[in-house]
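Reading through the structure tokens given below for one structure.
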């Protein structure tokens, strides 16, 4: 699971209170991510499916590519887009497009 990197309020000139708030937000996102991913992995294991997860704070597309290369992944399965409204007319979201073009393995996109 990737927690996207955001630089709030004019980074790198963050006030100390803004930086503290940002760190608290990251901490909360990581805690919630751990809970959700643990639950999903548990369900997979109950069904006899080998599963694991890793939480990182990075650019989403690059994090997926880096992890696929590092662990020599055989296949990436991901959603094709997260957009709504007028943006949903596009065929692929930017993350799906980047990963499908740069992955070191086959990519299956689910719509």
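The values are calculated or read from the model by the stated rules, or taken from the named source; none is laboratory data. In this text the structure is predicted, and so the values were computed from the model without any measurement. Cβ sites come from the backbone with ideal geometry, for glycine too, and all protein chains shown count toward neighbours.
Scanning segment 62-96 for residues that are in a helix (DSSP H, G or I), modelled with pLDDT of 90 or more and surrounded by 13 or more Cβ atoms within 10 Å (Cβ to Cβ) turns up 62, 63, 64, 65, 66, 67, 68, 69.
Yes/no matrix, rows are residues, columns are (1) farther than 25 Å from residue 104 by Cβ; (2) modelled with pLDDT of 90 or more:
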residue: 17; (1), (2): yes, no
residue: 38; (1), (2): yes, yes
residue: 44; (1), (2): no, yes
residue: 48; (1), (2): yes, yes
residue: 60; (1), (2): no, no
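For segment 39-61, filtered to residues that are more than 12 Å from the chain's Cα centre (by Cα) and not in a loop (DSSP other than H, G, I, E, B), the residue that is surrounded by the fewest Cβ atoms within 10 Å (Cβ to Cβ) is 46.
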